[in-house]
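Report on the structure given below.
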Amino acid sequence: MAPAAPNSNSQVVSLTVLAEQQVLCIILAGGTIATAPLEADFADLGVQFEVVGEVESGILAAAWSPEEDLLVLVTGASELLQMTPTFDILSEAPLHAASPGEAQQVNVGWGSKSTQFHGSAGKQAAQAAPPQAVGLSPDDDRLARISWRGDSQFFSVSSVDEGKRVIRVYSRTAALQNTSEPVPGLEHTLAWKPSGALIASTQRFGNLSLGLGLGREGRHDVVFFERNGLRHGEFTLRAEKGRYRVREMSWSAGSEVLAVWIEREEGDVVQLWTVNNYHWYLKQTVHPPMPSERFTAIRWHPESSLRLTLTTATCILDRSLAWTTTRSTEPAPNDTGTVAVIEGSSLLMTPFRRMNVPPPMCGYELELGMTLEPPVDLAFNVEKDRLAVLTHGSIDVWDLQTEVENGKIAQSVKVHDLPLEPSMDARQVVLADENIAVLGYDWNEGRDAVLKWHLKDGAEWERVELRSTGSGRLITPVRGSELLFQNAKGDVLSVEDNSPRLSLPAFCFQTALMQSPPFSIVGLSAKGTLYAVSPTTTLTLATNCNSFILSVDFLVYTTSAHQAHFVPVDGLTSLLNEAAPDVPQWEQRRVERGSRIVTVVPSNMALVLQMPRGNLETVNPRPLVLRNVRLDIDRADYRSAFLACRKHRIDLNVLVDHDTPRFMKDIPQFVEQVDDPDYINLFLSGIGQSSQSAERKNEICDAIRVQLEQRDLKRYISSILTAHVVKSPSDIESGLKLLLRLRDENPEIVEEAIKYIIFLVDVDRLFNLALGMYDFSLVLMIAQHSQKDPREYLPFLRELSALKENYQRFRIDDHLKRHDKALGHLRLAGEEHWPRAKKYIESHPHLWSDALRLWQDDKAKEAELLEMYGDYLMDSKEYADAAIAFVMSHKTEKALLAYEKDTTWREVFSLATQAGASKERLAEIGARMSDKLVGKRRYTEGAQVLLDYAQNVEEAVGVLLMGNEYSEAIRIAHLHGQAALIETHIHPSALDAASNILDDLEEMSEQLSKQVARWDELQAKKALDPSGFYNDDNDNPLLHNVDVQSSASTVATNFTRYTLAPSAFSGVTGVSTSKSAKGRRKDARKRLSGKRGSVDEEMYLVSSVAKLVGRLNGLQADVGRLMPCLVTFSRVHREKARELGKALEGFERAAEGAVERIWREVEDGRKEREKQRDTIVRAGGRWEEDKLPVPVPERPRVDVVRWKVSVLV
């Protein structure tokens, strides 16, 4: 094929829409630059372009920057022009500059052949190879090309310079930066990757005399350059039949796909290449609608990364591409987990059931035939190991015959080869059961159509017309479901009758059908929103999803937050049955950044993920493992379930918890299947550490132990010991008894058994338990197999062995701190140890009850113990119990002293009278008891003691008056014929009491007035200046230059509660202190100290008013007892009563008013703070409460006490 002819003056070099200026700019090869407004009717051929500039020498190439703020031109005079959007020239320079550029690297020889040591090869090896001729490819059109980097900071120009093609890199200001190294056979194509990493071009190989690259004849590479002009990798294009040339190349906006436009003799083709894991894949080819047509332009959408527009002379092709993973979905246990990767005309097949290899490696390669082009689409059979391959013009069906166990991976056989209608541009194939369906666009009809074929008895294609025109996808059916079609709006229709079934919120390229009632669809939109839709309900499962797969029991999806979510299909189905469901938090796990799902292998409990760089990672998520474990348990396959839990670190309690009654029934079967003692030990250890109830643990351990003992005691000795140890509480003694039995019956396994139980239990604890069994031979066995030093235990054991049995056991129990058992053995040791027993009891006070029980048959020793116990209780100030002990031990004087200290005066006088005490003694005791009762404010009882046992009426009346018991004092005076005491004692005492109460009321009234006035002052200040109320130092000019944040600590005020910004007190840097709870309570009390101007003064005032009301309630009771006497005594007393009544009534009103107002304002303040808190939280701030706030006292109530006397007027 000959190179393209030179451009004529009217040939379009560039046609660009300038979005900001809303104009269409056209640049012609003759040098004309013209624009037209976008609102013009371009369908009218009479639209006039406005010429805005001319370049006399013509224009060879032109390119606008991605930001449309710069225009670069290559003129016919080999000059480089740079213009603004208004076509003002910014710079002008010759294209073929002599300088390599400002940033060109300098080679100082390091690493070159001339600096290397060549050994026996000699100096000849150091001589440089003769330079290779650098020429042009015969396909080069000799025209210049311009390509911008995606960020508009650099652009590259490819041009022919002195018979070879050179790529130059310029900065944004058109300053030459670098020049590429000479490359033989370099062609005219040029495309700078938008992400900025590489500059792509093409290179021909073959005839060295023509200056082509050194290599196989016909080899054609896409080569890459770095910004510094140096080569950086390449890949080889697929061999084409006949003559061809690469016309242009173009990168997608996201730098994911490289489009290579090839002109061939039989027709044009655009190849789409992608790279992953450092390997380039030919993924797709695009052909013109008719074989005779050729493409006139290709262009990627600048924003939609995978949208490609191609034009021919008669039509425009707009293709939207998407990434999809072709994977098999057979149900377990026949699932192979096969994934197919398109690599040109081959498929890289990997069954992940057997292996995990990342592409470009694979399990085996499936060659598709003679065609050199990649397939259009692939589809696995839902339930069989079959694969449908859609190519341009036909469909092949392969029976893969994948082996899931050993042997050859697969023996693939092509079973069907079905040709398609020539006018059908097929884009999707679906293979379900024995039916195959193809979706495509019919160029003759101008609409979409579905072709269906039954593989068993199909004779021709069954055609179904659709209403869509080149958009939409088929939804892969499941068993028994109908074939569905999703149009561009997201509506899901039946292919058979075109009737609607449901509607997705947006078009979803990837979909999965759930057949379980209700019929529903899961779909992933282009924006990353994952929907689950039924005819009645639409759920949005995620808005940042990047991949998903519908497995047997789980919908698994990954998100851009690097999480994998596992949604139970049953739970999702039940939600889709509800009208307005709340989506719960599903189980999830972290995955590596950018991970996407490749496939799920249910039989292997494996989720295969692919990282952005292309490598694979297989994980075994907990939900998938638990699903298989439960299935194994339901099948009573306990060994498989156990091994799965062990391998994937699942709590072994799931074997019990899944179906506890069945497991208890199947314990013999479980033991038989698991069999291995180490496995059984692991299971029992898990049971012991579980949250099972103690009763359940013991039941399981005992049942397994019984089975093991019946099967083989010698083989399972370690498991039997484990069953004893892990019980709750541990039954270690039973395990030790088993060792004693084995010592006599099977001495050959005792040593290993002892070593094992020492491994299970702390050796010191085991030593002590064996010692507590009083068997020295067992103690020695354990000690000898442990790391204990014989010097630590042999002297002690020798000392014990020399003692008599009971005293020996006493010493052992005392050593083990089993004091109750030790005391019992000391009791049995004999009478000679009685003094030791008394000292032992005294040194262990908790043994008194045991001691009294042990010696209850020996009355003398019991009495001695009771007296000792009474003395102990006296020292402990438990006088009542001490008195009872002394009474039981017949120690009357000690009992009287104990009762007297306990002020139980009735028992004192009963015991004293019973002991025959004289009247003088009783009077003496009565005087002392009265003083003690008065000290405890038990005035009535003190007066009664004086009257009954000291016969002192005057002192009794005085005691009653101390307690304000005036009525009782008058009664006692009259009863004992001493009425004179009324005048001499009672009347003066009543006046004194009234005067004291009046003084108290006056003091309380004055205090209440001050506190209410201060409260009003604080409320006015808070209303006027809230910030000043909480921090009086804000306006202090002396503090303006002081750093407000200390490096050591910061004192917070109440005002920190009202900040929107995160508080510094939540993470104080520097020195920090912590206080105990007692210290914090002390600080809280200090905050109520009432310091004027403190931030807690309000709470101090509230607390003070509450205390005043409490005092008032006490005074009311005193006045209620005093008033009747004052009214009846004399005129002076009645006047005092009137004065007292008025004062008390006035203070009651004042207190009630103060309480009502203060507590109302406190409640209003609380509501206002809650309102502020809600506002701050809604705004995204943080409300900081005090760690130990001062509690607001409960609102006090003034008691309603009947103290008024109605006759007093």
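The values are calculated or read from the model by the stated rules, or taken from the named source; none is laboratory data. Remember, it's a predicted structure, so these values are computed and weren't measured experimentally. Counting neighbours? That spans all protein chains shown, and the Cβs are built from the backbone with ideal geometry, glycine included. The protein model used for the area step is the full one, side chains on, heavy atoms only, and it has no ligands, DNA or RNA in it. Shrake-Rupley method; radii C 1.70, N 1.55, O 1.52, S 1.80 Å.
For this structure, a couple of remarks:
- Inter-probe distance in nm under a simple model that places probes 7 Å from Cα toward Cβ, at Phe796 and Glu92: 10.6
- Take the Cβ atoms of Glu303 and Ala459, set R0 to 56 Å, and the FRET efficiency comes out at 0.75.
- Segment 680-734: trypsin sites (Lys or Arg not before Pro) falling in loop per DSSP and having at most 13 other Cβ within 10 Å: Lys714, Arg715
- Rounded to 10°, Cα long-axis angle of helix 638-647 versus longest principal axis of the chain: 80
- Taking only protein heavy atoms and a 1.4 Å probe, the accessible area of segment 514-619 is 50% carbon and sulfur.
- Each of Thr274, Ile754, Cys545 was placed along the dipole of the chain (beta-carbon charges, centred on the mean Cα), and the one lying farthest toward the positive end is Ile754.
- Total charge dipole magnitude, segment 352-437, about the Cα centre, Cβ charges on Lys, Arg, Asp, Glu only, Debye to nearest 20: 280
- With a cut-off of 20 Å on the backbone N, the residues of segment 291-314 near the modelled label site 7 Å out from Ala19 along Cα-Cβ are 298-310.
- Computed over protein heavy atoms with a 1.4 angstrom probe, the accessible surface ordering of Glu68, Glu695, Glu54, largest first, is Glu695, Glu54, Glu68.
- Charges were assigned to the Cβ only: +1 to each Lys and Arg, -1 to each Asp and Glu. The resulting dipole of the chain about its Cα centre is roughly 2900 debye.
- Checked against a 26 Å cut-off, the cross-linked pairs Lys817/Lys859; Lys647/Lys714; Lys894/Lys932; Lys697/Lys821; Lys714/Lys804; Lys755/Lys821 give Cα-Cα distances beyond that limit for Lys817/Lys859; Lys647/Lys714; Lys697/Lys821; Lys714/Lys804; Lys755/Lys821.
- The stretch between Ala880 and Ser195 holds 237.4 nm of extra length on full extension. This uses 0.36 nm per residue minus the Cα-Cα distance.
- Under 14 Å from Lys241, Cα to Cα: aspartates and glutamates that are on another chain or at least 8 residues apart: Glu217, Glu263, Glu265, Glu266, Asp268, Glu373
- Portion, in percent, of the accessible area of segment 186-345 that falls on carbon or sulfur, probe 1.4 Å: 52
- Short to long, the 10 Å bins of the Cα pair-distance histogram for the chain hold 1, 6, 9, 10, 10, 11, 11, 11, 9, 7, 6, 5, 3, 1, 0, 0 percent of all pairs.
- Paramagnetic reach from Asp820 (point 7 Å along Cα→Cβ, amide N under 13 Å) across segment 742-780: none
- Using a simple spin-label model with pseudo-atoms 7 Å out from Cα toward Cβ, Gln787 and Trp443 lie 8.4 nm apart.
- Segment 514-619 - convex hull of alpha carbons, volume per residue in Å³: 97
- Per residue, the Cα convex hull of segment 318-473 amounts to 123 Å³.
- Accessible area (Å², per residue) of the chain, counting only protein heavy atoms and a probe of 1.4 Å: 50
- In this calculation the C-beta distance from Gln914 to Leu991 is compared with R0 = 35 Å, giving a FRET efficiency of 0.20.
- Computed from the Cβ-Cβ distance with R0 of 30 Å, the FRET efficiency linking Leu713 to Asn406 stands at 0.15.
- Asn544 paired with Thr236, simple spin-label distance in nm, labels 7 Å along Cα-to-beta-carbon: 4.5
- Backbone N under 18 Å from the Ser494 label point (7 Å along Cα→Cβ), restricted to segment 534-552: 534-536
- The dipole here belongs to segment 514-619: it is taken about the Cα centre, uses +1 on the Cβ of Lys and Arg and -1 on the Cβ of Asp and Glu, and is about 460 debye.
- Each Lys or Arg adds one and each Asp or Glu takes one away; over the other residues whose Cβ falls under 14 Å from the Cβ of Lys1167, this sums to -1.
- Within straight-line reach of Lys164, meaning a Cα separation under 14 Å, sit the following aspartates and glutamates at least 8 residues removed in sequence or on another chain: Asp139, Asp140, Asp141, Glu181, Glu187.
- Length-normalised contact order of the chain in % [C-alpha pairs under 8 Å, at least 6 apart]: 3
- Nearby lysines by direct alpha-carbon distance to Lys1022 (threshold 19 angstrom, same-chain neighbours under 8 apart not counted): Lys1010, Lys1091, Lys1167, Lys1171
- Computed over the chain, the per-residue total of -39500 (n - 2.57) for DSSP H runs of n ≥ 4 gives a 222 nm mean residue ellipticity of -10500 deg cm²/dmol, rounded to 500.
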